[in-house]
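Laboratory data are not the source of any read-out in this text; all were calculated from the coordinates shown. Everything numeric here is computed off the predicted structure, so don't read it as measured data. Counting neighbours? That spans all protein chains shown, and the Cβs are built from the backbone with ideal geometry, glycine included.
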């Protein structure tokens with residue numbers, strides 16, 4: 001299949017492109033700087049804010065993956081909505097049969113954060129022009145370079161003791177990046193998944209505080225955690241910016257989402273892809289191993 005990957009140089013995209021190519025697909029990697037692209041597939045220059053470039057990039061493709069987000073911008077919700085609307089319209093004009101989108105877990109009955117509400121809006125806007133959208137909703141993705149995982153790792157490695165906000169008691173269902181890629185690649189060859197939304201997660205449901213403690217144990221570190229319920233989201237984001245390399249704006253968006261429980265409530269994806277997901281400890285070991293490998297190679 002002729003597939004375009006929007007967001008090909010990001011955390012997921014740079015893993016997805018080679019996996020799609022290995023599965024036998026013709027991969028076109030969309031990037032704003034095709035002259036710099038060195039990954040799998042053929043580089044295609046385009047920008048989600050430039051409709052003309054999108055039409056050219058999507059011309060002749062059959063399906064597309066949409067992995068674009070703007071969390072670091074103060075107006076990320078508007079920017080993401082505009083980009084999704086333009087991409088969906090261009091995909092429809094090009095005659096694509098499907099768009100695959102990686103969104104976020106979260107119960108729609110909850111008071112979702114602006115970040116998670118934005119993910120929901122993008123789901124709808126991508127398909128507004130008529131192209132069927134397959135959405136995979138995930139929580140924290142564990143893999144080297146993923147923002148949420150980096151927050152977890154850096155907190156453990158930088159602080160032997162930490163004062164934490166109330167969100168450390170929120171339940172989540174982290175998933176290994178290898179499993180995310182396996183789901184993303186697998187659904188493309190299953191026509192029945194077109195136009196549907198699926199929830200994906202790993203083998204373990206954990207509170208954030210348990211995730212921190214497990215990483216500390218695996219790395220052989222001591223970790224004392226003292227939850228402080230009154231620590232505000234703004235102070236939490238500034239705290240994250242101080243002790244990790246995540247900027248405060250991105251940190252604020254993620255912290256706001258951490259009050260929402262993100263666990264799989266519908267495992268319908270297993271009807272189509274019934275493999276056993278990786279456990280959290282194994283996902284952590286793989287992420288740490290990848291980091292060491294990248295460091296040694298650089």
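The table below gives the values:
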| quantity | calculated |
| --- | --- |
| Angle in degrees between helix 13-22 and the longest Cα principal axis of the chain, rounded to the nearest 10 | 50 degrees |
| Global size of the stretch 81-202 as Cα Rg and Dmax, reported in angstrom | 16.7, 55 |
| Rh by Kirkwood over Cα pairs, then Stokes-Einstein D for the stretch 78-136 at 1.002 mPa s and 20 °C, µm²/s | 183 µm²/s |
| Exposure proxy order (Cβ contacts within 10 Å, fewest to most) of 80, 110 | 110, 80 |
| Two-site label geometry, residue 92 and residue 128: point separation in nm, points 7 Å out along Cα→Cβ | 0.9 nm |
| For the stretch 1-92: Kirkwood Rh in Å [reciprocal of mean 1/r, alpha carbons] | 13.2 Å |
| Cα-based helix-to-principal-axis angle, 233-243 vs the chain, degrees rounded to 10 | 80 degrees |
| Between helix 208-218 and the chain: long-axis angle, C-alpha atoms, 0 to 90°, nearest 10 | 80 degrees |
| Likely footprinting exposure, 38, 196, fewest C-beta neighbours within 10 Å first | 38, 196 |
| Cα-derived Rg to Rh of the chain, Kirkwood definition | 0.96 |
| Ranked list, fewest to most other Cβ atoms within 10 Å of each Cβ, for 159, 288 | 288, 159 |
| Paramagnetic label zone (point 7 Å from Cα along Cα-to-C-beta, residue 189; backbone N under 20 Å) in the stretch 4-19 | 4-5, 15-19 |
| Zone of residue 266's modelled label, taken as backbone nitrogen in the stretch 116-142 under 16 Å from a point 7 Å along Cα→Cβ | 120-121, 123-124, 133-139 |
